[in-house]
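Shown below is the structure under consideration.
The values are calculated or read from the model by the stated rules, or taken from the named source; none is laboratory data. Fair warning: this is a prediction, and the values are worked out from it, not measured in the lab. As a convention, Cβ positions derive from the backbone with ideal geometry for all residues, glycine included, and neighbour counts pool all protein chains shown. Protein only, heavy atoms only, side chains kept; ligands, DNA and RNA dropped before computing areas. Shrake-Rupley method; radii C 1.70, N 1.55, O 1.52, S 1.80 Å.
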Amino acid sequence: MKKLQLTLSVLFITILVGCKSEAKKEAADMVFTNGKVYTVTDAQPWAEAVAIKGDKIVFVGSTIDAEAYIGDNTETTDLAGKMMLPGFVSGHDHLVASNWTKAGVNLFPAKNKEEYLALIKAYADANPDEEFIYGYGWNYTSYGSERPTAAELDAVVPNQKAILFDFTIHDAWLNSKMLEAGNITKETEDKQPGFSYWVRDDAGNPTGNSVELSWMDAYISAGAWDKDVLLVNSQKELYDNAASQGWTSVLNIGLVTPNISTFEQYIEDNDYAMKLLKDLNDKGELKLRTFAHYLFKNGNIPVEDIIAEAKKFQATYNSDMIRMQGIKIHPEANWGTHTSLMLEPYTDRPDYAGIDGVSPEIVQDMIVKANEQGLDVSIHADGSATIRTTIDAIEFSKKAGHADARNSLQHFAVVHPDDMKRAGELDIPVNLTPIWRTDWGNTYALAQDKLGQERTENYYQQIKTAFDIGLKVSISADVPSTPSNEAGALFLIESAMTRMNPNDPDSKPFPPASQAITLEQGIKGVTVFPAWQVRMEDKIGTIEVGKYADLVILEKNLFDVQSNEIAKVKVVSTMMNGKYTHKSN
């Protein structure tokens, strides 16, 4: 009897010890415990602890079981209830070289012409020794009935060259000294009349307002562009900022420089940028995985030449840290300036349905030929007609044998319900910027004016519908069109959930309420779905054993926070490859 009792006691102790923790494992480099770990997986949505060895996750589970991975040299962190998520993945930003478009005075706070001019004058008066006066954020619908002119800008900046970008960065407002320095005269030819052009008076003289990047040559001619300074500084500032917001990967969907439409110079800019990223990575200083798309905006350049350049870059840059992933087609501009092609005419111009810069035939040719070379293609698709013909082109490429291509619709702005359904049937990934479906930048008023009530509420930025029909939806800010301080994943998630601008206490919800997404959808939009878009779904986007240790820690569990408080939640730290890229003070 005593022997039986002894045997049972030993067995009980053995079971008890076994339940306490796993058998001792190879010691991890880092172990996080007592957290609210949201893995974004269906099999194990929540965990308490994560262990990291090198650049990989080696354990996801309970705090008790994580003890088996703690050795003498393991760095342990008690999360004390803080939230851990997969590192955020941006599906559409221009972080490498675009911050030069956000220099100078911020005009977003202005509500009318007088406020715009007052802000500009105050900035110019405070910077009398600057050769150039820069600025960004104006919107001609809030400025007044007419677009701003050089004469109006001369009144507040008479002695310096001034160039101010609108809230999309596509259009610019120049004073007379900047027009002169940029060699812009009555004889200056428009790049593409009606699409990329200078606004002119009745005599044909440029008024100082430039539509759809036609200002870029003037910017270069005036001496404002210096890639050795602007590109380097831009990359550092935007990557540091992104890391502080929890981003660990970015699809840099086109390098933004003033040479976008100039073939040889744009190759040089891309070469410079990719070498800069490689140098940072070699030093262990690159803070975001960078997947690039080579930009195609000038329809006069043969598609074969663009593909050849993209393939050359891909041959050199094709790692999990830096990769030339594909090609970005920019066939149109934006609906706010009537430079996107619509199925129906614009409300304020009932005889006009817009214009494109690259024809649907060339778009299809590029998609098919790029897919043949193993390149994915992303397409700027703003107008309802452009979206329809682009879906046609993607479907054509699929039927031509490229069913595995991950061609995506970027912006997915004004979408006819029939085409929303087709996108779902064809499983086309899409990217949207939620802050654009708020009253940010006077967008609601602009949409009402250009699109009318029906399209504004039932066609424009139907983000919840896109999620609900099963599309792989990534959400991002499209920096620089959105300022980098409003590009955080949490800021974007809140704006998509509330349909309001988190930075504006007077913001009103953008109707209808049915387009408000859920928190779960928002998190997927900055993790698993963009990871799939860049073909990294097996390596990032969720917290799972074997994946890269790309992680973000938040001070609070988002599921315990009101939707209108999400943007205020602090990013405590960001990690990529098992190394911190950001730590909050």
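Under 20 Å from a label point 7 Å along Cα→Cβ of GLN44: give me every residue in segment 66-109 with its amide N that close.
66-71, 75-88
Classify segment 422-524 from the C-alpha gyration tensor, please: rounded if a/c falls under 1.5, else prolate or oblate depending on whether a/b exceeds b/c. Let's see the in-between values first.
Details: a/c = 1.63, a/b = 1.17, b/c = 1.39.
Taking the square roots of the gyration eigenvalues as a ≥ b ≥ c, segment 422-524 is oblate.
What shape does segment 464-585 take by its C-alpha gyration tensor, where a ≥ b ≥ c are the square roots of the eigenvalues and a/c under 1.5 counts as rounded, a/b above b/c as prolate, and the rest as oblate?
Values: a/c = 1.86, a/b = 1.30, b/c = 1.43.
It is oblate, given that a/c is not under 1.5 and a/b is not larger than b/c.
Between ASP271 and GLU344, with labels modelled 7 Å along Cα→Cβ, what's the label distance in nm to one decimal, could you check?
Rounded to a tenth, the inter-label distance reads 5.0 nm.
Let me ask something additional. Residue separation times 0.36 nm, minus the C-alpha to C-alpha distance between GLU555 and LYS399: what's the value? Numbers along the way, then the final one.
On the way: separation 156, 0.36 × 156 = 56.16 nm, distance 4.79 nm.
In short, 51.4 nm is gained.
Once the Cα gyration tensor of segment 317-459 is diagonalised, what are the square roots of 5 times its eigenvalues, in whole Å and ordered largest first, as equivalent ellipsoid semi-axes?
Values: eigenvalues 157, 54, 37 Å².
For segment 317-459, the semi-axes come out at 28, 16, 14 Å.
To the nearest 10 degrees, how steep is helix 443-458 against the longest Cα principal axis of the chain, on a 0 to 90 scale?
In the chain, helix 443-458 runs at an angle near 70 degrees to the longest axis.
Carbon-plus-sulfur fraction of the accessible area of segment 488-558, 1.4 Å probe, in percent?
With neighbouring chains kept in place, the figure for segment 488-558 is 51 percent.
Points 7 angstrom from Cα along the Cβ direction at ASP351 and GLU130: gap in nanometres?
That separation, rounded to one decimal, is 4.3 nm.
Taking the Cα centroid of segment 350-381 and of segment 515-585, what is the distance between the two, rounded to the nearest whole Å?
Comparing the Cα centres of segment 350-381 and segment 515-585, I get a distance of 32 Å.
Starting from the Cα of ASP240, step 7 Å along the direction of its Cβ; do the same at SER319; then give the gap between the two resulting points in nm.
Rounded to a tenth, the inter-label distance reads 2.4 nm.
Rounded to the nearest 500, what is the chain's calculated 222 nm mean residue ellipticity when only DSSP H runs of at least 4 contribute -39500 (n - 2.57) each, over all residues? Let's see the in-between values first.
Values: 18 runs with 193 residues, N = 585.
The helix contribution divided over the chain gives -10000 deg cm²/dmol.
Taking the chain as the reference, fit the longest principal axis to its C-alpha atoms, fit the long axis of helix 263-282 to the helix C-alpha atoms, and give the angle between the two in degrees, 0 to 90, nearest 10.
So the inclination is approximately 30 degrees.
Right, something else. So what's segment 261-376 giving for Rg/Rh, alpha carbon basis, Kirkwood Rh from the mean inverse pair distance? Present the calculation step by step, with values, prior to reporting the outcome.
Values: Rg = 17.2 Å, Rh = 15.9 Å.
Here Rg/Rh amounts to 1.08.
Sticking with this structure for a sec: Quick one: accessible surface of TRP46, probe radius 1.4 Å, all protein chains present, in square angstrom to the nearest 10.
Only protein atoms counted, so the area is about 110 Å².
Which lysines have a Cα lying under 18 Å from the Cα of LYS177, excluding residues fewer than 8 positions away in the same chain?
Cα-Cα hits under 18 Å: LYS121, LYS161, LYS186.
Sticking with this one: Could you provide, to the nearest whole Å², the per residue accessible area of the chain with probe 1.4 Å? Please list the in-between numbers first.
Values: 23050 Å² over 585 residues.
Heavy-atom SASA per residue in the chain reads 39 Å².
Quick one: divide the alpha-carbon radius of gyration of segment 514-567 by 2.2 N^0.38 Å and tell me what you get.
Values: Rg = 12.9 Å, N = 54, 2.2 N^0.38 = 10.0 Å.
Relative to the rule-of-thumb radius for its length, segment 514-567 sits at 1.29.
Same structure, new question: Given [x] -0.43, -0.69, -1.02, -1.40; [y] -0.50, -0.79, -1.09, -1.34; [z] -0.48, -0.80, -1.16, -1.50 as candidate values of log10 I(q)/I(0) by the Debye sum over Cα atoms at q = 0.07, 0.09, 0.11, 0.13 Å⁻¹, which corresponds to the one derived from the coordinates?
Comparing each candidate, only [x] matches the computed number.
Now a separate question. For segment 159-201, which whole-number percentage of the solvent-accessible area (1.4 Å probe, protein heavy atoms only) is attributable to carbon and sulfur atoms? Write down the numbers at each step before the final one.
Values: 840 of 1830 Å².
Carbon and sulfur together cover 46 percent of it.
Sticking with this structure for a sec: Hey, which of these cross-link pairs are over 19 Å Cα-Cα: LYS24/LYS53; LYS421/LYS464; LYS328/LYS450; LYS82/LYS472; LYS25/LYS56; LYS236/LYS570?
On the way: LYS24/LYS53 15 Å; LYS421/LYS464 13 Å; LYS328/LYS450 26 Å; LYS82/LYS472 28 Å; LYS25/LYS56 15 Å; LYS236/LYS570 22 Å.
Among LYS24/LYS53; LYS421/LYS464; LYS328/LYS450; LYS82/LYS472; LYS25/LYS56; LYS236/LYS570, the Cα-Cα distance tops 19 Å for LYS328/LYS450; LYS82/LYS472; LYS236/LYS570.
Once fully extended, how much extra length lies between GLN562 and ASP282, figured as 0.36 nm per residue of separation less the alpha-carbon to alpha-carbon distance? Please list the in-between numbers first.
Numbers: separation 280, 0.36 × 280 = 100.80 nm, distance 4.19 nm.
My answer for the length gained is 96.6 nm.
Roughly what angle does helix 489-498 make with the longest principal axis of the chain, taking Cα atoms, 0 to 90 degrees, to the nearest 10?
Taking Cα atoms only, the helix is inclined about 80 degrees.
How would you classify segment 21-77 from its alpha-carbon gyration tensor, with a ≥ b ≥ c the square roots of the eigenvalues: rounded for a/c under 1.5, else prolate if a/b is greater than b/c, otherwise oblate? Walk me through the numbers on the way to the answer.
Details: a/c = 1.85, a/b = 1.61, b/c = 1.15.
Prolate.
Over the alpha-carbon set of segment 75-226, divide Rg by the Kirkwood Rh and report the Rg/Rh ratio to two decimals.
On the way: Rg = 19.0 Å, Rh = 16.9 Å.
My calculation of the ratio gives 1.12.
Which semi-axis lengths, in whole Å and largest first, follow from the square roots of five times the eigenvalues of the Cα gyration tensor of segment 157-283? Before the final figure, lay out each step's value.
Details: eigenvalues 200, 46, 40 Å².
The three semi-axes for segment 157-283 are 32, 15, 14 Å.
Pop out the carbon and sulfur fraction of the accessible area of segment 249-406 as a percent, whole number, probe 1.4 Å. Before the final figure, lay out the partial values.
On the way: 2700 of 5600 Å².
Taking all protein chains in place, segment 249-406 shows 48 percent carbon and sulfur surface.
Using mean Cβ contacts within 10 Å as the protection proxy, how do 97-110, 322-335, 69-82 order, highest first?
Details: 97-110: 20.5, 322-335: 25.0, 69-82: 14.5.
Top of the packing list down: 322-335, 97-110, 69-82.
A further question on this structure: Sort 270-276, 185-191, 471-477 for me by packing, meaning the mean count of neighbouring Cβ atoms within 10 Å per residue, highest on top. Show your work: numbers first, answer last.
Values: 270-276: 18.1, 185-191: 13.1, 471-477: 26.3.
With the highest mean Cβ count within 10 Å placed first, the list reads 471-477, 270-276, 185-191.
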